[in-house]
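S.K.: Pasting a structure here, questions to come.
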Amino acid sequence: MCPATVTSVYAPSPAGTFVFVPAPLFVTFAAGLSGAWQIDRVAAVTGDGLLVAPRLDVREGPHADDPNDADLWRLRGTTSNLRYTTAAENIRLSTMQAALGRRTATRAALIPIRKTGGWWELPQDERRAIFEDRSHHIAVGLRALPAVARRLHHSRDLGEEFDFLTWFEYAPDDAYAFEELVARLRQTEEWRYVDREVDIRLRREQ
């Protein structure tokens with residue numbers, strides 16, 4: 001069962017001002033016979049993969065995790081507060097990134113990943129150093145904006161099999177920008193700490 005929805009709040013930033021913090025959105029990605037997205041490919045990049053299914057249903061909100069016997073598998077996650085992003089980086093991201101659900105964005109990718117225990121044993125500042133100072137995760141992502149829309153979901157705190165579920169949407173003409181994005185990230189130091197990753201590609205009718 002999904003946790004209760006939390007009301008959006010205003011929270012203090014490091015600079016002493018207040019920023020809008022949206023309520024967590026609970027999301028279930030359910031593979032089966034129905035759903036708006038047709039699954040074109042399910043590929044194991046590192047570690048075990050997932051069963052192939054014809055369709056993916058993206059369920060959002062308080063009833064996202066309601067049982068459905070027709071699901072072949074379900075991955076749960078929730079949007080959350082910023083973890084490694086500075087205020088300046090967040091401003092750049094928020095002003096450049098596109099929203100999900102664009103009519104022309106008929107291609108999508110769902111990439112669940114799990115990081116090693118060694119990653120989680122590192123202190124926060126060292127994870128941040130690997131994430132951006134040395135791997136340039138945010139800088140690489142900015143190059144794909146606004147062509148590729150993205151939303152990150154946290155799963156580790158829910159006891160799920162993956163730590164993160166990242167959902168991407170883009171137009172067919174922007175497929176190269178997305179491929180370049182994932183290729184660059186997989187070459188970074190950060191990705192040495194990934195011990196399971198699945199790459200799921202999808203499409204929908206315009």
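Please treat every number below as a calculation from the coordinates, not as lab data. These numbers were taken from a predicted model, which means no experiment stands behind them. Glycine also receives a Cβ, built like all others from the backbone with ideal geometry; neighbour counts cover every protein chain displayed.
S.K.: Dipole size in debye (nearest 20) for the chain around its Cα centre, Lys and Arg Cβ +1, Asp and Glu Cβ -1? Mind showing how you got there, number by number?
M.R.: Details: 26 positive and 29 negative charges, 91 e Å.
Around 440 debye, computed over the chain.
S.K.: Find out how many positive minus negative residues lie around Glu121, taking Lys and Arg as positive, Asp and Glu as negative, among other residues whose Cβ is under 13 Å from that of Glu121. Write down the numbers at each step before the final one.
M.R.: Values: positive: Lys115, Arg127; negative: Glu126.
Result for the neighbourhood of Glu121: +1.
S.K.: While we're here: Which whole-Hz couplings ³J(HN,Hα) result when phi for each residue of region 177-183 is put into the Karplus expression 6.51 cos²θ - 1.76 cosθ + 1.60, θ = phi - 60°, listed in order with x for Gly and Pro?
M.R.: Result, rounded to whole Hz: 4, 5, 4, 5, 4, 5, 5.
S.K.: Further, regarding this structure: From the helices alone, meaning DSSP H stretches of at least four residues, give me the mean residue ellipticity at 222 nm for the chain, per-run term -39500 (n - 2.57), in deg cm²/dmol to the nearest 500. Mind dumping the intermediate values first?
M.R.: Values: 5 runs with 39 residues, N = 206.
That comes out to -5000 deg cm²/dmol.
S.K.: Sticking with this structure for a sec: Output wanted: per-residue J couplings in Hz (rounded whole) for region 92-106, from phi through Karplus 6.51 cos²θ - 1.76 cosθ + 1.60, θ = phi - 60°, x for Gly and Pro.
M.R.: Working through the residues one at a time gives 4, 4, 5, 7, 9, 7, 8, 7, 6, x, 5, 4, 7, 7, 9 Hz.
S.K.: Computed over the Cα atoms, what is the radius of gyration of region 139-206 divided by 2.2 N^0.38 Å, N being its residue count? Walk me through the numbers on the way to the answer.
M.R.: On the way: Rg = 13.1 Å, N = 68, 2.2 N^0.38 = 10.9 Å.
Dividing the Cα Rg of region 139-206 by 2.2 N^0.38 Å gives 1.20.
S.K.: Please list the radius of gyration and Dmax for region 43-136, considering alpha-carbon atoms only, with Å as the unit.
M.R.: 17.1, 45
S.K.: By the gyration tensor of its Cα atoms, with a ≥ b ≥ c the square roots of the eigenvalues, what is the shape of region 91-136: rounded for a/c under 1.5, prolate for a/b over b/c, or oblate? Provide the component values of the computation, followed by the final result.
M.R.: Numbers: a/c = 3.83, a/b = 1.79, b/c = 2.14.
The shape class here is oblate.
S.K.: Next question, about the same structure. Within the chain, which is the longest segment that contains none of the trypsin sites (Lys or Arg not before Pro) sitting in a DSSP loop with at most 15 other Cβ atoms within 10 Å?
M.R.: Numbers: sites that count: Arg83, Arg102, Arg103, Arg204.
The longest such stretch corresponds to 104-203.
S.K.: Relative contact order of the chain, please, whole-number percent, based on alpha carbon pairs below 8 angstrom and at least 6 residues apart. Before the final figure, lay out the partial values.
M.R.: Details: 396 pairs, mean separation 57.7, N = 206.
Taking the mean separation of contacting Cα pairs over the length of the chain, I get 28 percent.
S.K.: Loop-only GluC sites (Glu not before Pro) in region 112-171, please: DSSP not H, G, I, E or B, and at most 12 other Cβ atoms within 10 Å.
M.R.: The qualifying sites: there are none.
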